Amino acid sequence: MSDTELKRTPLNDVHRSLGGKMVDFGGWDMPVQYKAGVIEEHLRCRTRVGLFDVSHMGEIWVKGPGAVGFVNRITTNDVTKLVDGQAHYSTLTNDKGGIVDDLLVYRFGEEKLLLVVNAGTTDKDFAWISSHHSDADNCSIENASARYCQIAIQGPDAVALLQKLTETDLNSISYYHFSEGKVDGVDAILSRTGYTGEDGYEVYADPKFAIQLWNKFLEVGRFGEDDGILPCGLAARNTLRLESAMSLYGHELGDDITPYEANLGWITKLAKGDFIGRQALAEQKEAGVTRKLAGFEMIEPGIARDGFDVYVNDEKCGVVTSGSPAPFLKKNIGLAFLPPAFTTAGQEIKIDIRGRKAAAVVVPTPFYKRQK
């Protein structure tokens, strides 16, 4: 796909002006890193504050008397447990229990839900949701992705920085809750969520205000100073989420991977009643999984990359789904699917790194957990 065919967020020109190295990410022209580099971006987010353009994410509204019932039927988590102003993590699953996508479900009211889905799968997700929707569901569905920009501000200083730009009391909003308010005078949804393992907010607003908000965050965050805010690209977002053992669609999640295999049994609520894939998932839970996601760290030199084979006792038994250096932890880490018998912490494994089998050990996840 040529640069001219790639989708662009409202901040595309800003990324280029900041020296962003642009790449094709799921059909979007996105910054993989800026001038400071991946390690500095990662560390700044861990220790101070990082700024992320996530406007490529998809937003789907479900509205009407049947909204809660419909979303409960197409997702694994229990939507009936949400209260107004609360969000939860969930998955869309197919008839075989495979993950169509992971998503956030926001409850604005009993007849108004917002689904936030992954950028590269937005069109696929909306088509899938539409295929399971009918007039009998008594609700409307709308792909409203073009109506929103989304900017994430993450890190230990994120909440204090954002508080300077809004009258909404951010400290009164719990994790995975949200509020509607103004940021720098702009109507916005302020969601205490993120994909970095740090505290912070994701701010949704009209795309025409994206540049205003982005620049205001940089200004108030003292961009350019040694301990000020740093814009962060896709590479740092990936290493941050990996240190926090957060799954990525197309790696730890996919149409042939079930929530139980991906350690997402905690958002798979069989007791809530029928939903798409429930039967297959109930059978798998009863029988047990044959593979399970596990974290590991390298104990010999080498970086495990996505797709590398995993061995135990010279027998190939699994595959790496994500792997990279962990800038904050200063070690090489990864996630892999392994037979359940080999997922206990302390299990020694070997990763085939271009023909050389390097030793690693299974460790508990998340690799990194912020101090609260």
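Readers should treat all values here as calculations from the given coordinates under stated rules, not as data from a laboratory. Just so it is clear, the model here is predicted, and its values are computed rather than measured. Cβ atoms come from the backbone with ideal geometry, glycine included; neighbour counts cover every protein chain shown.
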Query - Helix-only CD estimate at 222 nm, as mean residue ellipticity for the chain, using -39500 (n - 2.57) per DSSP H run (n ≥ 4) - result: -5500 deg cm²/dmol
Query - Dipole in debye (nearest 20) - the chain, about Cα centre, beta carbon charges: Lys, Arg +1; Asp, Glu -1 - result: 760 debye
Report summary line: Quick calc, segment 58-143, dipole around Cα centre from Cβ unit charges on Lys, Arg (+) and Asp, Glu (-), nearest 20 debye, gives 140 debye
Query - Phi-based couplings in Hz for segment 65-72 (Karplus 6.51, -1.76, 1.60; Gly and Pro marked x) - result: x, x, 4, 5, x, 5, 5, 5
Requested in this report: Quick one: dipole size for segment 290-372, taken about the Cα centre, charges +1 on Lys/Arg Cβ and -1 on Asp/Glu Cβ, in debye to the nearest 20.
Outcome: 400 debye
**Report entry** Among Pro231, Val68, Ile99 the positive-end extreme of the charge dipole of the chain (Cβ point charges)
**Finding:** Pro231
Report task. Give the relative contact order (percent, whole number) for segment 75-124; include only Cα pairs under 8 Å separated by 6+ residues. Result -> 29 percent
Query raised in the report: Among the GluC sites (Glu not before Pro) within segment 113-193, which fall in a DSSP loop and have no more than 16 other Cβ atoms within 10 Å of their own Cβ?
Result: Glu167
Requested in this report: Would you kindly work out the equivalent ellipsoid of segment 290-372 from its C-alpha gyration tensor and give its semi-axes, the square roots of five times the eigenvalues, largest first in whole Å?
Outcome: 19, 15, 10
Query raised in the report: Given segment 1-137, what percent of its DSSP beta bridges are antiparallel, to the nearest 5?
Result: 95 percent
**Report entry** log10 of Debye I(q)/I(0), alpha-carbon scatterers only, for the chain at 0.13 Å⁻¹
**Finding:** -1.12
